[in-house]
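Let me begin by presenting the structure, written as structure tokens, before commenting on it.
The values are calculated or read from the model by the stated rules, or taken from the named source; none is laboratory data. Note that the structure is predicted; figures quoted are calculated from it, not measured. No Cβ is skipped: glycine too gets one built from the backbone with ideal geometry, and neighbour counts run over all protein chains shown.
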Amino acid sequence: MLLPNLAGLVLSAAVALATDPVSYEYSPQTDKEGKAFLTISFNEPASGVEIVIKGDDGSTIKRSAGSMKAGKDYKISWTQKGQQVRYEMELTAEDMSGNFTFEIIKASSPQGKVGKLSFTATREDIVERRRAKYKTSFALTSYEYKVIDDDGDVIASDTVVKDIPAGGEFTVSWDSPANVFMVEIRGEDQYGRFVEDRRVPYSAEIPHTEVTFDSGKAVIKPGQMPTLDEAVAVAFHELDKLDRVNEAVRANLTPQLYIVGYTDTVGNAAKNQTLSNGRAKAIAKYFYDQGFWAEIFYAGMGERGLRVETEDNVDEVRNRRALYLIAFNRPGAGRQIPGHWTRLSGPRSRPPGFELPAMPEKYADYDKPSGGGASSGGGGDDGPSGDDGLGGDDDDGGDGGASSLGGDGGGEGYGGGDDD
């Protein structure tokens with residue numbers, strides 16, 4: 001396909017969604033004066049915002065945005081030097097960070113505005129139904145797509161020459177049962193102007209045996225560290241695989257680890273909420289201390305998000321559990337997924353000389369299912385008297401055994417969740 005050389009304002013959906021802390025819009029073509037722009041939308045407040053954009057033509061654009069309120073946009077524009085430049089944007093702030101890779105072509109003559117390509121399907125459509133649906137606000141004469149699995153292999157691709165009117169919809173589908181890492185699409189009009197969209201539905205639950213804590217405490221005991229080490233080892237293997245796929249497809253995505261703690265209904269609900277949050281933080285901190293280089297978030301759900309519905313003050317082992325989830329987008333809030341997360345740490349570089357730990361024997365056959373519906377293996381024993389599961393309660397009843405994390409526990413949405 002010929003590279004377009006006509007200007008047009010294109011709103012391109014980036015990896016981040018409107019419900020993530022930040023989202024991005026940019027024009028893949030400059031205006032007739034060679035001006036390029038990137039708009040960063042802040043969906044959550046941020047302080048100390050610094051932005052650096054580096055192009056493969058040697059250009060560097062730096063901006064200090066300071067404090068940004070939720071709902072505010074920050075637009076950056078610059079004059080592009082090269083004809084076709086690939087940029088990498090890095091955003092840092094006190095409580096968030098992000099990066100984004102995009103490409104812009106310098107226009108040679110103006111041809112008016114191009115509309116927006118909207119993704120009208122859901123994450124479940126991609127993961128479970130193997131299809132993605134789009135709506136265009138301007139007339140297309142062709143579109144091309146590429147579906148990439150979590151090994152970095154292209155499992156479906158095609159260029160479709162078809163007239164699609166403004167307001168029209170079209171669907172991309174594929175047959176491969178492989179886990180989808182990314183769906184990329186590019187639509188083009190009769191003048192060669194184009195719009196692109198990229199979706200990353202990937203997520204994986206990390207199987208694990210539940211950690212036991214002393215009743216009312218949020219401190220990981222030395223005897224529980226081997227249990228956590230097994231989960232960390234599995235997570236490292238998943239993270240290493242993601243790095244390789246990321247590099248293969250040049251996606252420049254930031255993996256994120258989410259830890260959630262839950263309780264049963266025994267004891268005071270407010271105390272259980274605080275306790276589950278503290279225990280989720282302790283587990284998240286353990287991952288960090290082992291050198292886990294993804295961005296790390298944690299949250300406690302307390303008595304909310306029960307796997308098994310019970311009356312108040314019911315000792316139910318299946319409700320005292322945790323969720324360890326790796327994804328590229330914030331899990332959608334609802335049911336057993338919290339709407340508010342606390343960021344423990346930003347992304348880091350892989351530790352120098354890092355060597356993958358051995359995969360625990362009990363998880364040797366682990367293969368994450370599409371959409372992150374893994375169940376925690378292990379089948380741990382009940383904890384001793386005076387211990388309780390991660391979610392915990394206010395009595396001394398202990399369990400500590402593994403509980404399944406399939407079903408609703410892995411039902412996160414495609415986009416990010418709002419604050420509670």
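With respect to the conditions (1) basic (Lys, Arg); (2) in a loop (DSSP other than H, G, I, E, B); (3) at pLDDT 90 or above, ARG343 lacks only one, and its number is (2). Identify, from the list LYS54, LYS75, LYS81, LYS62, the residue that is more than 22 Å from the chain's Cα centre (by Cα), assigned to a loop (DSSP other than H, G, I, E, B) and of a type in the set (D, E, K, R). The conditions single out LYS81. ASN179 meets the conditions (1) more than 29 Å from GLN29 (Cα to Cα); (2) surrounded by fewer than 17 Cβ atoms within 10 Å (Cβ to Cβ); (3) not assigned by TED's automatic domain parsing to the domain that holds ARG318 in every case but one. The failed one is (2). Just a yes or no: is a residue in the stretch 35-49 outside any strand (DSSP E or B) and free of Cβ contacts under 8 Å to residues at least 24 places away in the same chain? Looking through the stretch 35-49, none of the residues is outside any strand (DSSP E or B) and free of Cβ contacts under 8 Å to residues at least 24 places away in the same chain.
Candidates ASP240, ASP229: the one that is at pLDDT 90 or above, acidic (Asp, Glu), in a helix (DSSP H, G or I) and more than 16 Å from ILE326 (Cα to Cα) is ASP229.
Selection within the stretch 161-214: residues that are outside any strand (DSSP E or B) and of a type in the set (Gly, Ala, Ser). The member of this set that is nearest to ALA327 (Cα to Cα) is ALA178. Taking the stretch 295-321 as the range and being surrounded by 20 or more Cβ atoms within 10 Å (Cβ to Cβ), in contact with a Lys or Arg (Cβ under 8 Å, 6 or more places away or on another chain) and not charged (D, E, K, R) as the test, the residues that pass are ILE296, PHE297, TYR298, GLY300, GLY305, ASN319.
Residues that are without any contact (Cβ under 8 Å) to a residue 40 or more places away in the chain and over 22 Å from the mean Cα position of the chain (by Cα) within the stretch 261-301 comprise ALA269, ALA270, GLN273, THR274, listed in sequence order.
Yes or no, residue by residue, for (1) surrounded by 20 or more Cβ atoms within 10 Å (Cβ to Cβ); (2) modelled with pLDDT of 90 or more; (3) in the same structural domain as GLU124 (by TED's automatic domain parsing):
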| residue | (1), (2), (3) |
| --- | --- |
| LYS135 | no, yes, yes |
| SER142 | no, yes, yes |
| LYS146 | no, yes, yes |
| ASP158 | no, yes, yes |
| ALA166 | no, no, yes |
| GLU169 | no, yes, yes |
| VAL183 | yes, yes, yes |
| HIS208 | yes, yes, no |
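Residue check: GLY353 meets all listed conditions (1) modelled with pLDDT of 90 or more; (2) within 22 Å of ARG199 (Cα to Cα) but one, namely (2). Taking first residues from the stretch 227-240 that are surrounded by fewer than 21 Cβ atoms within 10 Å (Cβ to Cβ) and partners that are in a helix (DSSP H, G or I), the Cβ contacts under 7 Å between residues at least 6 apart in sequence or on separate chains come to LEU228/ILE283; LEU228/TYR286.
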